[in-house]
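Just so it is clear, none of the values below were taken in a lab; they were calculated from the coordinates. Computed from a predicted structure; not experimentally measured. Using ideal geometry, Cβ is built from the backbone for each residue, glycine included, and neighbour counts are taken over all protein chains shown.
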Amino acid sequence: MSCDYFSLAHSGVQSLRPYQPGKPIEELERELGISGIIKLASNENPSGPAESVCSALSDVMPDLSRYPDGNGFMLKSALRDKLKIKAEQITLGNGSNDILDLLARTFADPGKEVIFSEYAFAVYPIVTLAVNATPVVIPAQRWGHDLDAMVNAISDKTALIFLANPNNPTGTYFDKPIFETFMNKVPDHVVVVLDEAYFEYVEEADYPNGLAYLDRYPNLVVTRTFSKAYGLAGLRVGYGVSNPDIADLLNRVRQPFNVSLPAIVAATAALNDAAYLQRSVEMNRRGLAQLERGLSGLGLGYIPSVGNFITVDFEKDATELDKRLLKKGVIVRPVANYRMPSCLRVSVGLAEENERFLSALKESL
């Protein structure tokens, strides 16, 4: 008789569903037998990695038989110098998702609560339920975080609060006064995680840079990634910045060698390539404006975004529209798993990719 392994898992894991990433180009090619596909589904940098990164990776190839530096000294030093922080404040991760998981495993457990917003990043409930903690989901306000409601939801069971600024998949953000008011009300024993995966793209003057608040709020952790603006999604490298006591705890839980040698080398090179980052941000600004103009011209509503993506609301179930776009070789991201079934999220691509999406969308409506 076979064992019912599902029943052996704890209730949090039983309630989970596997994370659904954006459909890969290779998968669509296999399914439909078409080529020339464009992917605007996973908020990747469409310009590819910097030349400086490719050169650095070429130089490190002979060392791939060796384990990486488990402490990531090279990358931590570069982050320290670039961000004007201390190395002991840094935790390196296999993408910033890894840091989110470390935080849940360090601070949350059965009986504890984790607060996050409706329409927030799908990894927050995953890492919460994986440790059998209780998710507390706060209804969104105009597609974004309602920080007043979130602080009012804090109880003696609250261990963590996840905030995404900007938020994925809605592209919304909260400003400095709202964030400061919120943090002033959060008890010191509640760890606030400020997920800034898209912060490089934000150009609004009232946007709060999380690193500027670390000295004021010792319970704050800022997470960032090299997957978006720095064009390294395939290498999976991110980091958290916090007070050294929290970083010490996270590094106790962190797996040895969780960041590969190529990732460390590439991220260090990317961090020091200011010209590449500037080009990426400028290209995103133009591309986002291009998509906004095109969508408005089609009479479609969208959520104003400060990230490298835009979410379009078709005011009816978007499943069939997504299928029609796929048949035209255009991959975008359905967000029904965020309880947004009428919406599709579209990553900013190259100018010609954005135009192809808009043309395919017009034909598919």
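Table for the structure above
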read-out: Value at 222 nm in deg cm²/dmol, rounded to 500, when DSSP H runs of n ≥ 4 in the chain each add -39,500 (n - 2.57); value: -11500 deg cm²/dmol
read-out: GluC sites (Glu not before Pro) within the range 300-365: DSSP coil, no more than 12 neighbouring Cβ in 10 Å; value: E315
read-out: Rel. contact order, % - alpha carbon contacts under 8 angstrom, at least six apart, the range 103-171; value: 44
read-out: Positive-end residue of S305, I264, G287, charge dipole of the range 252-329 with Cβ unit charges; value: I264
read-out: The range 65-273 - charge dipole about Cα centre, Lys and Arg +1 at Cβ, Asp and Glu -1, debye rounded to 20; value: 600
read-out: Fraction of antiparallel bridges per DSSP, the range 65-273 only, in percent to nearest 5; value: 35
read-out: Members of K23/K328; K39/K323; K82/K176 lying beyond 18 Å, as alpha-carbon distances in this model show; value: K82/K176
read-out: Karplus-derived HN-Hα couplings along the range 230-240 (A = 6.51, B = -1.76, C = 1.60, θ = phi - 60°), whole Hz, x at Gly and Pro; value: 8, x, 10, 4, x, 9, 6, 8, x, 7, x
read-out: Unit charges at the beta carbon, dipole of the range 1-53: most positive-side option, Q20, I34, P46; value: Q20
read-out: Percentage relative contact order, the range 65-273, counting C-alpha pairs under 8 Å, at least six apart; value: 28
read-out: Chain lengthening between S11 and A87 when straightened (0.36 nm per residue, less Cα-Cα); value: 23.6 nm
read-out: Charged-residue dipole, Cβ positions (Lys, Arg, Asp, Glu), the chain about Cα centre, Debye nearest 20; value: 320
read-out: Exposure proxy order (Cβ contacts within 10 Å, fewest to most) of D195, D109; value: D109, D195
read-out: Candidate lysines for bridging to K76, where Cα separation is under 23 Å - those fewer than 8 sequence places away on the same chain excluded; value: K84, K86, K228
